[in-house]
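Heads up, the thing below is written out as structure tokens.
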Amino acid sequence: MGRLYSTPNGPFTADQVKPGDPYELSNGHAIHCLPSGGRHSGANAEGASVIGSDPEVESVGVDAGFTPEPGTLRAPDVAVGVSNEPGWSPGVPPLALEYADRGQDEDDLTDKIRDLLAAGTKYVWVVRLDGPRRVEIHRPKEKMRLAHPGDELKAPGVLRNPVPVEALYDKEAAQKVTLRNLLQRQGYEDLDAVLNAGKAEGIAEGELQGRLDDRRSSLIELCEAKGLELGEDDRARIAECADLDRLKLWFGRAATADTADGLFD
């Protein structure tokens, strides 16, 4: 249950809080926000990388303030849909991440989740860093669910790809997911697709080289079979030619020529 204030509405509005002030607002009540510890901030960075790199996400922010109405100002640890304009982002993010570590004020966290979901946030993922790793999944009008390492988190309509639970706090797992997402932004499904594309390009180059070698050899064999005397310059010219059409032209000339004179003009 959320915290019960002595008065329903506090005296503050979002426009009274300036960027950098250590406060959020809930129903006009100021909430003091303390600096995060090293484990919290490190995991926060991994989550921002994973979520921000998803191909469907246009903008992501860390500790970005959202104000759905004058008396509410909330700054999730990681949020999708941050405005590029100065000041607070209007409304609320469709997906918000919160990291909860040792010393977490559970009443404040409960209020924050309530405020975000009530204002329109579709998904709030709370990553628990103290004790067994797990993620709480909060959605409007639904009972909270838990996801554990080995599970995947999905946010249809916000993210294209599922997110492994570990990727929200483990650096190696986060890097793998971020790489996949960035490759998809460039048109590759994953790293295997990039490697296969490189192999296909190599095969195509190999096939071209094989056809060039065959055509050069055939041209020289034809000239020798017809007794057309090729000088060193002529042989070098054939060996260095990388134009299949030109080699074909020379082959046609050699087939009807009596001498090598003018064969390569």
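Relative to the longest principal axis of the Cα atoms of the chain, helix 171-185 runs at roughly 60 degrees.
Taking other Cβ atoms within 10 Å as a rough exposure proxy, D54, D214 sort from fewest to most as D214, D54.
The HN-Hα couplings worked out from phi for segment 86-101 by the Karplus form 6.51 cos²θ - 1.76 cosθ + 1.60 (θ = phi - 60°) are x, x, 7, 6, x, x, 9, x, x, 9, 10, 10, 10, 10, 10, 10 Hz, whole numbers, x standing for Gly and Pro. This ranking places D111, D243 by how few other beta-carbon atoms lie within 10 Å of each, fewest first, which gives D243, D111. Working from label points 7 Å from Cα in the Cα-to-Cβ sense, the D213 to R160 distance is 4.0 nm.
Where does helix 191-226 land angle-wise versus the long Cα axis of the chain, in degrees 0 to 90, nearest 10? Once rounded, the angle reads 0 degrees.
Protection proxy ranking for 23-32, 133-142, using the average of other Cβ atoms within 10 Å per residue and placing the highest first: 23-32, 133-142. In this structure, L179 and N27 have a Cβ-Cβ separation that, at R0 = 35 Å, corresponds to a calculated FRET efficiency of about 0.25.
Where does helix 244-256 land angle-wise versus the long Cα axis of the chain, in degrees 0 to 90, nearest 10? The helix 244-256 is inclined about 10 degrees to the chain.
Considering only alpha-carbon pairs that sit under 8 angstrom and 6 or more positions apart, the relative contact order computed for segment 14-187 is 21 percent. Packing, as the average of other Cβ atoms within 10 Å across residues, places the peptides 178-185, 92-99 in the order 92-99, 178-185, highest first. Shown here for segment 57-125: trypsin sites (Lys or Arg not before Pro) in loop regions (DSSP other than H, G, I, E, B) with at most 11 other Cβ atoms within 10 Å, namely R102. Which residues does the label zone of D261 cover in segment 215-246, counting backbone N under 15 Å from a point 7 Å along Cα→Cβ? 228-231, by backbone N distance to the label point.
Values quoted throughout were computed directly from the atomic coordinates according to the rules given, and no laboratory measurement underlies them. None of these values were measured; they are calculated from a predicted model. All Cβ positions, glycine included, derive from the backbone under ideal geometry; neighbour counts span all protein chains shown.
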